[in-house]
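Heads up, the thing below is written out as structure tokens.
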Amino acid sequence: MNIVTMTTPNKIIKNATVLIKGNKISGINEAIPTEATIIDGNGKWLIPGLIDMHVHNLADIDFSSGYPTKASTIFIDTQDFMLQYIANGVTTAFELSARPAHFGQRNEIAKGKVIGPRIALAALIDGTDGSGNNAHSPSEGRQTVRIAKAQGYEFIKVYSGLNIETYKAIIDEADRQGMKVVGHIPNAFKGKIEEAFIPHFDMVAHAEEYAKQTDYFTAEDVQRFAKLAKENGTWLTPTLITMHRIADQSHSLDSIRQLPYLKYVHPLMQSKWLTSNSYNKGSSPERKEYFEKLIHFNRVLVKAFKEAGVPIVAGTDSGTSGVVWGFSLHDEMELLAEAGLTNEEVLAAATSLPAMWLGIEDKIGTVEVGKYADLILLDANPLENIQNTRKISGVFVNGQWIAKEKINLMLNDLEKRNRANKENYDWAKRKDY
Ligand SMILES: [Zn+2]
């Protein structure tokens, strides 16, 4: 087996042996103990498990329609949901709109009841009444950060509706609390984006956050944004796949129906994406054209950010209609390569770099002795063709080996149950269950 270590600099160790003891890598090219179970990786390629830096996981959903009418909860099977990640070698995911149900999922995985990825949790703070927490003044912003810290959230996500002073206070307070900040560039900065780039604004969560700050999409804009991000140490998660899916849906919902992995998505979400799709319903020739412009702008932006030396990480915004958990990370990696990243840079964007941003580079992100055994065994070399990350022979999740055959059995079983359950999950009737 050949190892792509994804260390800095990257090393390729040919015809190697990796020893795994418990949940960690205990040796590379050492003598094999007689009691060891042997997995034959001859001719295959071992890479670190993948990290998706922008997800919205499906967890138990409360639909409260208010007293005295009926309120209901739809329970999401954590193993069925997490299988989508594991089947794709995604062993860590960054939840960017975390709520208590996500702690529940994470605990099920930590206790070993469910095989799933490691999960990092960010609390979202907005300034308008949307999802998550709201803060309208600096003192409210600081208090919301402190509460999030006390509740166990590890990161803060700033959102579009925050006013300027509240945004700045949130970032300052997050730094005091030792929490990194990711998010949108609030709309209030339009025309003065420079002011948003203050110390400890650590990452922008979509490429189009920059597009929203300009009406012209010029090459000068892109260069200016790249310089701002570089000088402020603000990383980028482009989430290119999301805009592609949204643009496709603005034309037709066939793009969702034809997704080969739609069948693994929870039937309630299949129903939602196909019957309550705002990108499709709200479509117009102007919007279609705007989405195409964004796709082009995002690609140019990624190239310019790469050339300016801004670290770029892979994230999908999965949970957006048509962006399927786990599977879509491979789509994103392909799009990053098309935008101009080398295959090695794409791999770094989905392994070592996210581990660094999350502050867990001593635990995951590379294939090295002492790290957790979160690994993917591939049938072909991903440095030659990034699409080879889809050719999964098996996955190690926290030291536990799951061969492709087992993954396929689990996926087939999930597909069957989803099909049988379809009638029971109609998005329009969700409050009646
Ligand atoms: Zn998102």
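Taken as a whole, the condition of being over 21 Å from the mean Cα position of the chain (by Cα) and modelled with pLDDT under 95 applies to residue 284. Among the residues of the range 297-304, is any farther than 27 Å from residue 97 by Cα and not aliphatic (A, V, I, L, M)? Yes, because at least one residue in the range 297-304 is farther than 27 Å from residue 97 by Cα and not aliphatic (A, V, I, L, M). Being within 19 Å of residue 359 (Cβ to Cβ) and open to solvent by less than 30 Å² (accessible area, probe 1.4 Å) holds for only one residue in 85, 153, and it is 153.
Residue pairs whose Cβ atoms lie under 9 Å apart, sitting 6 or more positions apart in sequence or on different chains, and linking a residue in the range 172-183 that is at positive phi to a partner that is among the polar types (S, T, N, Q), are 183/160.
Of all the listed residues (310, 346, 323), the sole one being crowded, with 20+ Cβ neighbours inside 10 Å, away from the ligand (no atom under 16 Å from the Cβ) and not in a helix (DSSP H, G or I) is 310. Of all the criteria given as (1) more than 16 Å from the ligand (Cβ to nearest atom); (2) buried (at least 19 other Cβ atoms within 10 Å of the Cβ); (3) not in a helix (DSSP H, G or I), the one not satisfied by residue 268 is (3).
Residues checked against (1) touching a Lys or Arg at 6+ places or on another chain (Cβ under 9 Å); (2) among the hydroxyl-bearing types (Ser, Thr, Tyr); (3) within 22 Å of residue 267 (Cα to Cα):
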| position | (1), (2), (3) |
| --- | --- |
| 329 | no, no, yes |
| 352 | no, yes, no |
| 392 | yes, no, no |
| 404 | no, no, no |
| 421 | no, no, yes |
| 429 | no, no, yes |
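Residues checked against (1) closer than 22 Å to residue 56 by Cα; (2) touching a Ser or Thr at 6+ places or on another chain (Cβ under 6 Å); (3) in a loop (DSSP other than H, G, I, E, B); (4) open to solvent by 20 Å² or more (accessible area, probe 1.4 Å):
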{"site": "230", "(1), (2), (3), (4)": "no, no, no, yes"}
{"site": "238", "(1), (2), (3), (4)": "yes, no, yes, no"}
{"site": "246", "(1), (2), (3), (4)": "yes, no, no, no"}
{"site": "255", "(1), (2), (3), (4)": "yes, no, no, yes"}
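Each row is one residue, and each column tells you yes or no for (1) more than 16 Å from the ligand (Cβ to nearest atom); (2) surrounded by fewer than 23 Cβ atoms within 10 Å (Cβ to Cβ); (3) free of Cβ contacts under 8 Å to residues at least 60 places away in the same chain; (4) farther than 30 Å from residue 38 by Cα.
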position	(1), (2), (3), (4)
314	no, no, no, yes
336	yes, no, no, yes
359	yes, yes, no, yes
369	yes, yes, no, no
380	yes, yes, no, no
384	yes, yes, yes, no
388	yes, yes, no, no
392	yes, yes, no, no
405	yes, yes, yes, no
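Take the residues in the range 273-306 that are of a type in the set (A, V, I, L, M, F, W, C) and touching a Phe, Trp or Tyr at 6+ places or on another chain (Cβ under 7 Å), then tell me which one is surrounded by the most Cβ atoms within 10 Å (Cβ to Cβ). Top of the filtered list is 301. Checked against (1) open to solvent by 20 Å² or more (accessible area, probe 1.4 Å); (2) out of contact with any Leu (no Cβ under 7 Å at 6 or more places or on another chain), residue 328 passes all but a single condition, namely (1).
Every test in (1) without any contact (Cβ under 8 Å) to a residue 60 or more places away in the chain; (2) charged (D, E, K, R); (3) touching a Leu at 6+ places or on another chain (Cβ under 7 Å) is passed by residue 344 save one, and that test is (1).
Residues are listed down the side, and each one gets a yes or a no for (1) modelled with pLDDT of 95 or more; (2) over 20 Å from residue 40 (Cβ atoms):
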{"residue": "340", "(1), (2)": "yes, yes"}
{"residue": "367", "(1), (2)": "yes, no"}
{"residue": "382", "(1), (2)": "yes, no"}
{"residue": "389", "(1), (2)": "yes, yes"}
{"residue": "398", "(1), (2)": "yes, yes"}
{"residue": "431", "(1), (2)": "no, yes"}
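Looking at the range 1-89, the strands (runs of 3 or more DSSP E) lying wholly inside it that each contain 3 or more residues that are touching a strand residue (DSSP E or B) at 6+ places or on another chain (Cβ under 9 Å) and under 19 Å from residue 316 (Cβ atoms) sit at 50-55. Checking each residue of the range 201-218 against the condition of being at positive phi and within 16 Å of the ligand (Cβ to nearest atom) gives no match.
The values are calculated or read from the model by the stated rules, or taken from the named source; none is laboratory data. Every value quoted in this text rests on a predicted model; they were computed, and no experiment measured them. Cβ coordinates were reconstructed from backbone atoms using ideal geometry, including for glycine residues, and neighbour counts include every protein chain displayed. Side chains are part of the model used for accessible areas, which takes the heavy atoms of the whole protein and leaves out ligands, DNA and RNA. Shrake-Rupley method; radii C 1.70, N 1.55, O 1.52, S 1.80 Å.
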